Each structure stands twice: as C-alpha cells, then as structure tokens.
Amino acid sequence: MSQYTSFYKFISEEQREHPFSSGKLTGLLLEVLSACKKIAFLTGQGQLASQAMGTAGTENVQGEQQKKLDILSNELFIESTQWCGYLAGMASEEMDHSLPVPDIYPRGNYLITFDPLDGSSNIDINVSVGTIFSILELTEGVGKPGDEDFLQAGVKQVCAGYCLYGTSTMLVLTTGRGVNGFTLDPGTGDFYLTMPDIKIPEETSEFAINTSYSRHWEPPVKRYIDECLAGEEGPLKKNYNMRWVASMVADVHRLLCRGGIFMYPMDANMVAKGVSGKLRLLYEANPMSFIVEQAGGVASTGSERIMEIQPSELHQRVPVIMGSKVEVERVVGYHQNS
Ligand code: AHG
Ligand code: MN
Ligand code: MN
C-alpha cells in the first residue's frame, strides 16, 4: 500500500495547510470512519451475521420497513461517534427525532446527519449498500441542539461523504476543496487515497432512473428519457446506456467514476400522494449534491439548486437530478420550458 497516501496522512496534511484549523473535523472524521469500518464488517458478513439479517418488523418515521441492519448500522454509527467530543448532536434517517449528544459526554460544535445504510433493500441479494453523512456547524450560542438546529441549507455543509460497501469498501469525501476517494485495505484497516481529485465528465451517455415509474413521469423527464432512448437517430445524436442499482450510493459513485445522470424526480404519483420526492434532503440529497458539485457536476430538483433549499423539516424529501453538468442542465432546461 506504500504507493498510496493513507487517509490519516492526507487529512493531516490538509489540516496543516490551514494554520487556524483546530483538528476537530479531522478528529470527528476518524470516528466516522471507524463507524463505517464496523458497518462494512457487518454487511460483509452477509448471511453469517444471521442476527443482523431480515426485517426488524418496525417502520421508520417515513413509513418504510426497517431492516435489522438499518437499525444495527444506526446504533453502530451513534456508539462510534457520540463520545468523541466534537459532536453536539446527530440526526438519522432511522430516528424520528435528532439526538443530542448525551450529557455524560463532552459536546462539541458539529452536527452530523446520516443515512446509516443506504440501499438496504439490496442487502438480501448481496448488492452494494453504503453510508451517507453530512457535517454541519451548530449555531453559536446553542448548547443542546434540537431538530430545528439541523434545518440548515446544504450550502452550509462543512463536509459530506459516503462509504460504499461494494466489491471494495470506499470512502468518498469533500470538505469543500474538491472530492477525494479512498479504498479500505481490509488487511491493515486503513483507507488509502486511490481516487484523488475526482472530476465528473461534463458530458455523458449513461442515465440512471427507475423506469418502472415512467407512466407517472412529468413531461420534462419523459422528454429527456425518450430522447436518450432514441439514441443516435434522436435529437441527442448519441446512444445512451442505462443503469439502476437502487442504492443511491452505488449509482452516484458510478457517475463520479465515469460520468452520468442520476434521477429520482418528482412524478404524478408523488403529487397524488402529497409527497415531495423519495430521497431525503438532509441524509441523501444534500451530502450527495455537495460531493457532485465539488466534482464539477450539478444537482437540482429540476426547478432549483438542491443545496439552496431551506429545509422545513428533518425528514423532508426532495426530487433529485444530479450528475454531469451538460445533461443535468439539459433536464433543468426542459423543466423551465414546460
Ligand atoms: P434507503 O435504503 O436508505 O431507504 O434508500 C433507498 C433509496 C436510494 O438509495 C435509491 O436510489 C432508491 O431508494 C431506490 O428506490 P426504488 O426502489 O424506488 O428504485
Ligand atoms: Mn438511503
Ligand atoms: Mn437508509
């Protein structure tokens, strides 16, 4: 592994470039990494971790069936990070309300929001899942944070990342100075910089959307996908490929590696049900938007930049269209003209 820079060396060098840096974000990230390694180990055990497999028989606040691994990952994440002294509180997709750091531990200035296990419907079939997180600062003067303290627009994130539990375990991270990817060496337990300064190609010929909802799509999305499917003979004059893993982490990781557009847009069925999207703003859309934008891509709902949305509730959902600049701007343009 010596040809690669370890995560610790990388983040320490970044810290040294900022003379006023306190090292607190580094300290917090190391504990987040330790949580991700434990979740990676647990997911990697698959059926062997029989106590972790199957449904928990409970629903989260969004009415989704929880898997035992959703709950275990959530607990692992909390246990690994709450004591470190850098966090004031945390909010998770799997908890009804935010959790202030318990009084027995020192409280710091950072807030973390996370999706402990993204794509958990893929666990039973041994397909990639991941953990997504976003780090915010607690407003000065607030001691013990409540739900309202987490309602910050994505532009206020100081750091966002995800850990992909795929064929290898990878951490992808931004602190607002580009995006870097690290691979876990399962032998040493260290992450190494294997994808420095990730940039999403501006143009793409690959799209990711769940086409089983096509009958519900709004005209701008239908128009774009129809044009992709028309290939070389159509107005976009090139053939497109399609992928849908159904783990946002894996689908977004692919577009960071080789370009693409990922969409979980608004549709007529959501309008009828009175829901504002599928993906969660604070745990999925904002952190992934920060990463995508830092890698030169674009992230929009179709009508506005995701990171500029002022959240009104913890578990708010939003439509998501993100990825290669030219393609996302094309879809946004179709929304403007419709
Ligand atoms: P989670 O497992 O955290 O609930 O997230 C699943 C999300 C996202 O990862 C993925 O893109 C999407 O749901 C898949 O939804 P469909 O099953 O509707 O395709
Ligand atoms: Mn998710
Ligand atoms: Mn989840």
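The values are calculated or read from the model by the stated rules, or taken from the named source; none is laboratory data. The shown structure was predicted, so the numbers you read here are calculated from the model rather than taken from an experiment. We place every Cβ from the backbone using ideal geometry, glycine too, and count neighbours over all the protein chains shown. We work out accessible area using only protein heavy atoms, side chains counted, and drop any ligands, DNA or RNA first. Shrake-Rupley method; radii C 1.70, N 1.55, O 1.52, S 1.80 Å.
Structure values in brief
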{"quantity": "For the chain, the Rg and Dmax computed from alpha carbons only, in angstrom", "calculated": "19.5, 65"}
{"quantity": "Average projection area in nm² (convex hull over Cα atoms of the stretch 128-265, one quarter of hull surface)", "calculated": "11.6 nm²"}
{"quantity": "Solvent-accessible area per residue for the stretch 206-336 (1.4 angstrom probe, square angstrom)", "calculated": "39 Å²"}
{"quantity": "Additional length obtainable on full extension of the chain from ASP226 to VAL158, 0.36 nm per residue less Cα span", "calculated": "20.7 nm"}
{"quantity": "Computed lengthening from SER214 to ALA49, 0.36 nm per intervening residue step minus Cα-Cα distance", "calculated": "55.7 nm"}
{"quantity": "Sites matching GluC sites (Glu not before Pro) across the stretch 261-338 that sit in DSSP coil, with at most 16 neighbouring C-beta atoms within 10 Å", "calculated": "GLU304, GLU313"}
{"quantity": "Fraction of accessible area attributable to carbon and sulfur, the stretch 59-117 (%, probe 1.4 Å)", "calculated": "51 percent"}
{"quantity": "Of the GluC sites (Glu not before Pro) in the stretch 177-224, those whose Cβ has at most 16 other Cβ within 10 Å and which sit in DSSP loop", "calculated": "GLU202, GLU203"}
{"quantity": "Sum of side-chain charges, LEU136 neighbourhood, beta-carbon under 14 Å (Lys, Arg +1; Asp, Glu -1)", "calculated": "-3"}
{"quantity": "Carbon and sulfur %, accessible surface of the stretch 126-285 computed with the full protein complex present, 1.4 Å", "calculated": "49 percent"}
{"quantity": "Cys with no candidate disulfide partner in the chain (beta-carbon separation under 4.7 Å rule)", "calculated": "CYS84, CYS159, CYS228, CYS257"}
{"quantity": "Sequence of THR167, THR113, THR188, THR194 when ordered by accessible area, the most exposed leading, probe 1.4 angstrom", "calculated": "THR167, THR188, THR194, THR113"}
{"quantity": "Mean separation of Cα contacts under 8 Å, 6 or more apart, over the residue count of the chain: relative contact order %", "calculated": "16 percent"}
{"quantity": "Extension gain, GLU308 back to ASN269 (0.36 nm per residue minus Cα-Cα distance, nm)", "calculated": "11.5 nm"}
{"quantity": "Shape call, the stretch 227-338: gyration tensor on alpha carbons, a/c limit 1.5", "calculated": "prolate"}
{"quantity": "Isotropically averaged projected area of the stretch 7-195, using the convex hull of Cα atoms (one quarter of hull area), nm²", "calculated": "11.3 nm²"}
